[in-house]
Amino acid sequence: MPIVRDDNLAGAAQWMAASGQYNRAARISLALLLLFYTSFTYAQLPFVQNGKAGFVISQFRYALPQDAAETGACPQGMSLNVQDIFAQTAAGKRLPQESDNEYSARLRSGGELFATAADGQNLCMNPEAGEPDPHFRTVDLSTMPMPGIDLDGGHSAEDRAENTCEHVAFTGTDGETGIDNQFYRVVGCSASFQSTGPSNGFDTEMLTGSWGILMTLSGLDDIVDDDSVEVSIYANSDPIQLSPGRKPLAYATYLADPDPEFSATTQGRIKDGILTTDPTDVLFHHVVNSMYLRRPLRAARLQLAVSEDGRLEGYLAGYAPVEAMYNVLYGYRDGKTSTGELAPLRLRSGSANGAAQVLGHTCNGAYHALYRYADGHRDPETGRCTSISTQYRIEALPAFVIERNENDIGQGISAERSNAL
Amino acid sequence: MRFKSIASGFTRFGWGLLPASCLLLSVGLGGCGDNQSGLSEPAPVGGPALMRRLTESQYRATINDVFGPGISIPARFERGLRVEGLLAIGTSESGMSAFSVEQYDAAALSIADTVLGAEHRDRFLNCATASEGAFDAQCTTQFVQQYGMQLWRRPLTDPEVSSLVNAAHQGFIQLGDYYEGLKYALVGLLVAPDFLLRIERTQAPPEGSGPGQLDAFSRAARLSFFLTNASPDKELLRAAAAGELDTPEGLASQVDRLIASSRFTRAVRAFFEDMLQFDLFADLAKDPVIYPAFNSTLAADAQEQTLRTITDLLIEQNGDYRDLFTTRNAHLTRALGIAYRVPVPTRKGWEVSEFSADSNRAGIQTHIAFLALHSHPGRSSPSLRGKAIREVFLCQEVPPPPPEVNFSVVQDPSDANLPTARDRLELHRTEPSCAGCHRIMDPPGLALENFDGLGTFRTVENGAAIDASGSLDGIDFTNTNGLAQALHDHRETPRCLVEKMYRFAVGRDTVWDERPYMDYLTETFAVHSYSVPQLMRAIALSKNFFAIAPPTGETSHNLAGLSPANGATR
């Protein structure tokens, strides 16, 4: 039975022993107290059933420090889009008596030069054809307190994992050293990733049901200390359930994505109410402009505080493959339609170039910056790292997760119910 | 507390002796209304003939039955008047506002547009000669007679037919289109009092003395609305016209046919919707911060859950009515699963399951529909829930609170010294003027304090453990399951259902002289293992169901000259 520990009991026993009161009568009293405690004080937690608990991710965003304006992270200013870059050239200066509309049209036209490779390819669709962009500003400063966890287990170059690349780790908001978040260095000087920017908000798609994430804990005996818990992470097949105020609801039922690509299982443990897990590769859905994308995170770990009401809060951190991260955030090159076909080029290219303009970056600048700061999964042949440490701040609510496997199909409700967490 | 029901009144004068004596009396006086039970119906008493307004569900069901599904009725119906605990009684006492007339008119026009529109008219018109450009008097007459009979629940008189045919003709002249004109005949049928009101007509008693009787078509209507919640179908109207409802065999044949039909479920649902006061859901609001799971979907599903539980147990399983208070059958949707905190694998629609034995969910009184409806917007209410248990399930009326009572203590759940509702109510009961009623209301209500204002299970309130123990009229219990069994075993539980069912059927309160009849029905209910379909059958077959008390000066709705057997004239 899942329990809530009551440290008062242990304290009482310690006090009795330490104070010399631990005589026979006291032992009897303690035995009775233990009996009472076992029967009544250990409250049944509603979100744990038969050692299993399910959750739905209710908040999901990149774990980033304070804005650049407060940390001084971007002494050269923020990243520019292609029109801003063109405007800084002599040809891009506004002409005398040029109307707003005329100047805007000229900026758009001029900006296209910076969005196009020398061989004529569109740089958002082919960012490798472009050069690193000095107008795509990144963060080299490492002094800002960084939310997140240590991913590579080493705080110096010598004792980092073999397949990582040289990088400077951050110090956490709680003083822990070795926080790996190279992704922040890429986006920290982008206006859209500041606290008021649109790029770090997942609510629109997640809360309208475009995608979602589920979790389950199995073999759960104690939410405070449990040395072995099986943790599974799934994409959600159902839209998240919301209150009239558009807040995610606890205790809704969701079907895990039956595609095994979108599920992962790893081992975890809970110590002092904090769940941590071994690394595992996970894959989530992502949707932009009705295009379906894949958001992978390799060697992903969880560090979550578990509360008595079943809420989880903490970090999901790992290494995002650079090519996939570029597609999810900037290029949408592999965006699919709802039927699984490659989305029309016009939609992919138009969305990528439009986003670059609106969000304030260049595609080739972002692409090369991702590789520049990549610190994971070093290619043994090239020596180049292919993934970048990325941290998500997440919160989760209790939920019932239905895992449907091939054997359950046709078994009806009873099979599904027995698998419900 | 005032024991409103006349049946309950027996308990105050020595319950143990009365049923037997009444039974003996009834054997000597009455016929055999329910042969299967071996009990005899007392001499019929009856009540006045009534004019009862169609409820919204009856209106919609009738249109559905007459014209088929898919007929849009875009109208907002005036809310019903609840009298003596039932909207069914209010249908004979409520008026009809100008707003209602507007809505009926709009609904009639919409129905006529659909029925006689190009897409559907061939289903309803059997006239090969009809065309847009010419008025067809014969076809119009046939249409008016056929649908007039179904909508007005009796044959139309010749002047009534002529009037409606003339309306169609005038419409054709004005609009130049036969079907457009015919719509006005149909609208005339749909906005007439003869459709909107169930006008009961009487006939002399068969033996020339004793209480009068409803005439054949009024019998058919009362029977049909009771057993299908809609107007009589063609077969029942045929049987009425042929005089078959005047014979026990003919009546039983029609009653059994209606109970066996799929429309019977609709009638059972209508009764329990009324008894459980589901109309109050229209006004139900919950604080979205405290109860974020509450929304219109949950409210609709909660009502449907309880109704499905009822019809499944009472009709599909022909179960014991009292088991409604202990059943753990769970008809669930995902929206309900959130409130009940149980998994619902079915992604869309309903699934049938069972609440676990340790879930504390036993009986419809632990459903969201009951618990949320009888709570405040931001907190539970032992008093409202207890009052509802007394009034809805036991027919025991709890008077309203005296004026100028200080509710500040019970309305302040933030007082750390009074963390639970039990604590607050105990203090509130120190006011002598409140103590009497709260002693009656609170014990069953406090037993449901393990459910918050929405109906989600909880064990603590403001950090303090909830004590759900109590007593219901001498039956002690320690938790909600105990309350469920107490309600199941309470002697007033089946008697209250009998009384409400009969009052629902006849649209009026019972009268003192009907006490033996109520005993007869209650005994019959028990003999049939508390089967609700059998109870409804017994009511429908009883003489008292159609009996009309001798005139006491009120206007009789007798329609002289209307003869079911040889056609209608007036």
| Can you name every residue in the range B:282-300 that is within 9 Å of chain A (Cβ to nearest Cβ) and within 12 Å of residue B:368 (Cα to Cα)? | B:293, B:294
| task | Can you work out which of the residues in the range B:343-354 that are surrounded by 18 or more Cβ atoms within 10 Å (Cβ to Cβ) and part of a loop (DSSP other than H, G, I, E, B) is farthest from the other protein chains (Cβ to nearest Cβ)? | result | B:346
| field | Residues of the range A:265-290 satisfying the condition of being closer than 22 Å to residue B:343 by Cα and buried (at least 19 other Cβ atoms within 10 Å of the Cβ) | value | none
| Applying the selection to the range B:285-321, what residues are part of a loop (DSSP other than H, G, I, E, B), in contact (Cβ under 8 Å) with a residue 12 or more places away in the chain and surrounded by fewer than 17 Cβ atoms within 10 Å (Cβ to Cβ)? | B:285, B:287, B:290, B:318
| said: So the check is Cβ under 6 Å with 6+ separation or different chains; which pairs have a first residue in the range A:93-114 that's of a type outside the set (Lys, Arg) and a second one that's surrounded by fewer than 14 Cβ atoms within 10 Å (Cβ to Cβ)? | reply: A:103/A:94
| Which one of the conditions (1) surrounded by 15 or more Cβ atoms within 10 Å (Cβ to Cβ); (2) farther than 19 Å from residue B:75 by Cα does residue B:113 fail to meet, given that it meets all the rest? | (2)
| request: Keeping to the range B:330-342, report how many residues are within 9 Å of chain A (Cβ to nearest Cβ) and in contact with a Leu (Cβ under 8 Å, 6 or more places away or on another chain). | output: 5
| Restricting attention to the range B:417-458, which residues are away from chain A (no Cβ under 14 Å), at pLDDT 70 or above and in a loop (DSSP other than H, G, I, E, B)? | B:417, B:418, B:419, B:420, B:447, B:448, B:449, B:453
| remark: Note: among B:68, B:90, B:85, just one is surrounded by 18 or more Cβ atoms within 10 Å (Cβ to Cβ), at pLDDT below 95 and either more than 17 Å from the chain's Cα centre (by Cα) or not charged (D, E, K, R) (or both), namely B:85
| message | Could you check the range A:216-234 and list, in sequence order, the residues that are among the aliphatic types (A, V, I, L, M), surrounded by fewer than 23 Cβ atoms within 10 Å (Cβ to Cβ) and assigned to a strand (DSSP E or B)? | response | none
| note | The condition of being buried (at least 20 other Cβ atoms within 10 Å of the Cβ), among the small types (Gly, Ala, Ser) and either at pLDDT below 80 or more than 30 Å from the chain's Cα centre (by Cα) (or both) holds, among B:486, B:468, only for B:468
| request: Go through the residues of the range A:373-383 one by one and say whether even a single one is outside any loop (DSSP other than H, G, I, E, B), modelled with pLDDT of 95 or more and under 30 Å from residue A:182 (Cβ atoms). | output: yes
| Residue list for the range B:84-109, restricted to those being of a type in the set (Gly, Ala, Ser) and part of a loop (DSSP other than H, G, I, E, B) | B:85, B:92, B:94, B:95, B:97
| message | If residue B:184 satisfies all but one of (1) under 18 Å from residue B:115 (Cβ atoms); (2) under 22 Å from the mean Cα position of the chain (by Cα), what's the number of the condition it fails? | response | (2)
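One line per residue, one yes/no per condition, for (1) of a type outside the set (A, V, I, L, M, F, W, C); (2) away from every other protein chain (no Cβ under 14 Å):
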| site | (1), (2) |
| --- | --- |
| A:260 | yes, yes |
| A:266 | yes, yes |
| A:269 | yes, yes |
| A:272 | yes, yes |
| A:275 | no, yes |
| A:298 | yes, yes |
| A:310 | yes, no |
| A:317 | no, yes |
| A:323 | yes, yes |
| Could you list, in sequence order, the residues of the range B:511-521 that are touching a residue at least 24 places away in the same chain (Cβ under 8 Å) and surrounded by 21 or more Cβ atoms within 10 Å (Cβ to Cβ)? | B:514, B:516, B:517, B:518, B:519, B:520
| task | Filter the range A:118-141 down to the residues that are in contact (Cβ under 8 Å) with a residue 24 or more places away in the chain and either touching a strand residue (DSSP E or B) at 6+ places or on another chain (Cβ under 6 Å) or hydrophobic (A, V, I, L, M, F, W, C) (or both), then identify the one that is surrounded by the most Cβ atoms within 10 Å (Cβ to Cβ). | result | A:124
| message | Just the residues that are part of a loop (DSSP other than H, G, I, E, B) and among the small types (Gly, Ala, Ser), please, taken from the range A:71-100. | response | A:72, A:73, A:77, A:79, A:90, A:91, A:92, A:99
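The values are calculated or read from the model by the stated rules, or taken from the named source; none is laboratory data. Keep in mind that this is a model prediction, so the values were computed, not measured. Glycine also receives a Cβ, built like all others from the backbone with ideal geometry; neighbour counts cover every protein chain displayed.
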